[in-house]
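The values are calculated or read from the model by the stated rules, or taken from the named source; none is laboratory data. These numbers come from a predicted model, not from an experiment. Positions of Cβ are backbone-derived with ideal geometry, glycine not excepted, and every protein chain shown enters the neighbour counts. Ligands, DNA and RNA are excluded from the accessible area calculation, which covers all protein heavy atoms including side chains. Shrake-Rupley method; radii C 1.70, N 1.55, O 1.52, S 1.80 Å.
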Amino acid sequence: MLEHRHRSIGASTLIALLVAAILPHTVFAGPEEDRLAFVEYFQSRFPDVPFDDFANGIYAIDDDARTQWLAIEEFPPYEFAVERGEALWQTPFSNSNTYAECYEQPLGEIRAAYPRFDTVRAEVVTLDLSINHCRVANGEILLAYDSSEMIDLTAYLAWVARGQKIDVQVPDDEPGALAAYEEGKRFYYSKRGQLNLACADCHVTSVGMYVRADHLSASLGHPTHFPVYRSKLGRVISMHERFYGCVRDVRARPFDLQSLEFRNLEYFLAYMSNGLTINGPGARK
């Protein structure tokens, strides 16, 4: 049962996470120290959950929900998005080039290369942003970040990347990368909105507890399965659409999709999930 998985948390881990939550504007450790503390926290809290299983989100800790999810995965509701994305990927631009020519990586490794800090642009570049960079370079119009075309393309790239490990880098010799990481970390631990809640309030300290009729999932592993088909919406959404919804739900003003704020947040969360396997697109309630 879920209750049996709630164990005592290592004191050093809890202190590190509480300090980060209370004083998010101060840097106490490097990214790798943060990540190790993050992983230790969730593994201490859910000792029966293997590390790799955190890639499955709430289904790693909620047995009943997991059973329902496995049944849904027999006929995945995102498969049409994957098929449409494959067709879009293979369709040449008006200049006869294709998306593949914009990337150095083999097809199956493209998704795993993002998000990353681009030293030329001096900012975090996500997979979605890179797709639009590719389109502009080939004389095509930008895609809206919540458009079906963008969602389908990222769903396809996630599908062919299944089995790849998240391996986000924050280079020691690039101050801009560390600054972006710290901004994402600050966003994650900062309270906002009329409800005065931070991301960590739901997805660290309250993991496994009920919000309405569902249990709250752990942030560890969140980036692995996007884009996801959400049953309540009846469509596939991006990670940034989920960010937008969370910020809106705490009654704060959301940032734009692919804003610098959301890209830095994705950078931080993806780094926290380093070593987990990409298993998108996913299906969630």
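For every residue, the table says whether it meets (1) at pLDDT below 95; (2) under 22 Å from I278 (Cα atoms); (3) over 18 Å from the mean Cα position of the chain (by Cα).
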site	(1), (2), (3)
N97	no, no, yes
L107	no, yes, yes
D128	no, yes, no
R135	no, no, yes
E140	no, no, yes
A144	no, no, yes
S148	no, yes, yes
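Just to be sure, is S206 outside any strand (DSSP E or B), of a type in the set (G, A, S) and either free of Cβ contacts under 8 Å to residues at least 12 places away in the same chain or in contact with a Pro (Cβ under 7 Å, 6 or more places away or on another chain) (or both)? So S206 fits the description; yes. Candidates are the residues of segment 209-248 that are free of Cβ contacts under 8 Å to residues at least 40 places away in the same chain and crowded, with 21+ Cβ neighbours inside 10 Å; the one that is nearest to P77 (Cα to Cα) is M239.
Look at (1) assigned to a helix (DSSP H, G or I); (2) touching a Ser or Thr at 6+ places or on another chain (Cβ under 7 Å); (3) closer than 24 Å to I61 by Cβ and you find that G163 fails only one, number (1). Quick check on segment 60-76. Is at least one of its residues within 22 Å of the chain's Cα centre (by Cα), modelled with pLDDT of 95 or more and farther than 18 Å from V160 by Cα? Within segment 60-76 (the criterion being within 22 Å of the chain's Cα centre (by Cα), modelled with pLDDT of 95 or more and farther than 18 Å from V160 by Cα), the answer is no, since none of the residues qualifies. Residues that are within 18 Å of I166 (Cα to Cα), open to solvent by 80 Å² or more (accessible area, probe 1.4 Å) and in contact (Cβ under 8 Å) with a residue 12 or more places away in the chain within segment 86-138 comprise E109, R116, listed in sequence order. Filtering segment 74-85 to residues that are open to solvent by 30 Å² or more (accessible area, probe 1.4 Å), over 18 Å from N132 (Cα atoms) and part of a helix (DSSP H, G or I) leaves E79, F80, E83.
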